[in-house]
Amino acid sequence: MTRLPCEVEVLHRIRPREEERACLDGVARQLVAAIDREGPARGMVVGSVARSTWLSGDRDLDIFLLFDPSLTREELEAQGLALARRVAARYASSYHEKYAEHPYINASIDGLDVDLVPCFAVESAARIKSAVDRTPFHNMYIATRIPDLVDDVLLLKQFAKGAGVYGSDQMTEGFSGYLCELLVLHYGGFTPLLQAAVAWRPGTCIDLAGHACKAFDEPLRVVDPVDPARNVAAALSLTRMCEFVEWCRGYRERPSVAFFFPPVQEPFTREEFASRLEERGTRLHALSFATPPLIPDIVVPQLRRSLEALCGLLSRGGFVVHQAEALMGEEHSLLLFELLVDTVPPVVRHTGPPVWDPENAGKFTEKYRKNRLSGPFIVDGRYHVELLRRFTDAGVLLRSPEVLSVGLGKHVKREMERGWEVCEGVDCYRDEWAGFLSRFIEPASPLARMGRQGVGDTAGE
């Protein structure tokens, strides 16, 4: 297959070196042998390492512990964790328990980030008892089909990383490694994939095994060939899909190494951040608290639910939300609100029922007989009263117990009950949040960001 010069250069940088392969293979063999010796499970290497589709520099290794499917979920968790702990205790410099659908062990072994994941050794993907049970079948499906297209997968993964859309975690909402492999298989390579992707529309369906897409409603629908009830692209948001489409169009027009390794976007300094805020004339408020000790797949949806609930609280208080976003940090999480106004006058008009609804009109009048500034009075056929707001300052509202009364995520609320901090304006700036704050204040699509940094003239590299 003919490669562009820039693709040849990229492949030279992203193909794993022999010493890297030897390191990962050695640790993998050691762990699988230890699991097989210990029993009662058998070990299996899964993921990109097993399929030779990992990028140079990646230090992740997934080892599955396959148990008899006759076990109960409780027995799998108990026996699986016990075995994973014994193996980790022998080989790891450190390890701790994590939780996805069920618990597993994450360990650091010879500089590698290793997940030891118990699962059921089911006979087919149709008999899975937990989500991770299908992963060995992904291995088998890809491993027999991908050997001639490994370089194409590597290019796609690095290309997606360059666009900022690689990763199916809740914060990224992008392309998983398995999705990249299936896309390359379906289109027959990196170049034909990009040629097709420029024309993607919401509802695009890719079905390698000839199943049906009717059950899915996500923007991109890629039917899992080993489990037709699952959309492999379910985590991909419409925003990330469209950013990828734009990235493909830009690359096809002006191919360059910069699409695989774009310049690092430097975050604003505190002074630059203050200048941008003053220029915008909006009001920034940040609410921070300790990050719940759970995986992102659990925490991030709760952060977004909490963000939506607090946007509603602010809006009901008269504080107009221009935009809002959540960030899950290692130690602290952030809910960030940009408001068009953060102070409002004490008076607010409240609309009641129409005059021709005497029953509810009576209830309305009685309810506000005492707690009102003026009224009831009639405007355009409806009763109105004027009330005094409880909060005229958004910062005061966000510091009040009212915050805990809205529909926060369960684990977010639990952490916030222990306390939270509210910052305003330039005081929201923290070095650890600088990149997030910069993208929030000055958002742009990936191609626009790259153009801003003066790399639009790199065609033909």
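The values are calculated or read from the model by the stated rules, or taken from the named source; none is laboratory data. Keep in mind it's a predicted model, so treat the numbers as computed, not measured. Counting neighbours? That spans all protein chains shown, and the Cβs are built from the backbone with ideal geometry, glycine included.
Tabulated data for the structure shown
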item: Region 39-52 residues that are over 13 Å from Leu116 (Cβ atoms), paired with ones that are basic (Lys, Arg) (beta carbon under 8 Å, 6 or more apart); result: none
item: Qualifying residue in region 378-393 (condition: closer than 30 Å to Glu278 by Cβ, among the charged types (D, E, K, R), free of Cβ contacts under 8 Å to residues at least 60 places away in the same chain and touching a strand residue (DSSP E or B) at 6+ places or on another chain (Cβ under 6 Å)); result: yes
item: Only listed residue being surrounded by 13 or more Cβ atoms within 10 Å (Cβ to Cβ), at pLDDT below 95 and among the hydrophobic types (A, V, I, L, M, F, W, C), chosen from Leu397, Leu408, Leu387; result: Leu387
item: Residues located in region 223-260, provided they are free of Cβ contacts under 8 Å to residues at least 60 places away in the same chain, touching a helix residue (DSSP H, G or I) at 6+ places or on another chain (Cβ under 6 Å) and closer than 30 Å to Ser130 by Cβ; result: Val232, Ala233
item: Subset tally (residues that are buried (at least 22 other Cβ atoms within 10 Å of the Cβ) and either closer than 24 Å to Val132 by Cα or in the same structural domain as Ile298 (by TED's automatic domain parsing) (or both)) for region 157-177; result: 6
item: Some residue of region 198-221 being on the phi < 0 side of the Ramachandran plot and in a helix (DSSP H, G or I); result: no
item: Region 7-54: number of residues that are of a type in the set (A, V, I, L, M) and farther than 18 Å from His138 by Cβ; result: 12
item: Condition broken by Asp58, with the remaining ones in (1) farther than 30 Å from Ala258 by Cα; (2) assigned to a loop (DSSP other than H, G, I, E, B) satisfied; result: (1)
item: Members of region 316-357 that are acidic (Asp, Glu), farther than 19 Å from Phe391 by Cβ and either under 26 Å from the mean Cα position of the chain (by Cα) or not assigned by TED's automatic domain parsing to the domain that holds His384 (or both); result: Glu325, Glu330, Glu331
item: Hey, Pro192 surrounded by fewer than 17 Cβ atoms within 10 Å (Cβ to Cβ) and free of Cβ contacts under 8 Å to residues at least 24 places away in the same chain or not; result: yes
item: Residue list for region 86-127, filter: modelled with pLDDT of 90 or more, among the hydrophobic types (A, V, I, L, M, F, W, C) and over 25 Å from the mean Cα position of the chain (by Cα); result: Val87, Ala88, Ala89, Ala92, Ile109, Phe120, Ala121, Val122
item: Of all residues in region 248-289 being of a type in the set (A, V, I, L, M) and surrounded by 16 or more Cβ atoms within 10 Å (Cβ to Cβ), the one that is farthest from Glu330 (Cα to Cα); result: Val257
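Quick grid of which residues meet (1) touching a Phe, Trp or Tyr at 6+ places or on another chain (Cβ under 6 Å); (2) over 19 Å from Thr172 (Cβ atoms); (3) basic (Lys, Arg):
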position: Leu208; (1), (2), (3): no, yes, no
position: Phe216; (1), (2), (3): no, yes, no
position: Asp224; (1), (2), (3): no, yes, no
position: Phe244; (1), (2), (3): no, no, no
position: Ala286; (1), (2), (3): no, yes, no
position: Phe289; (1), (2), (3): yes, yes, no
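This table checks each residue for (1) under 30 Å from Ala326 (Cβ atoms); (2) in a helix (DSSP H, G or I); (3) touching a residue at least 40 places away in the same chain (Cβ under 8 Å); (4) of a type in the set (Ser, Thr, Tyr).
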position	(1), (2), (3), (4)
Leu71	no, no, yes, no
Leu76	no, yes, yes, no
Asn106	yes, no, no, no
Ala126	no, yes, yes, no
His138	no, yes, yes, no
Asp169	yes, no, yes, no
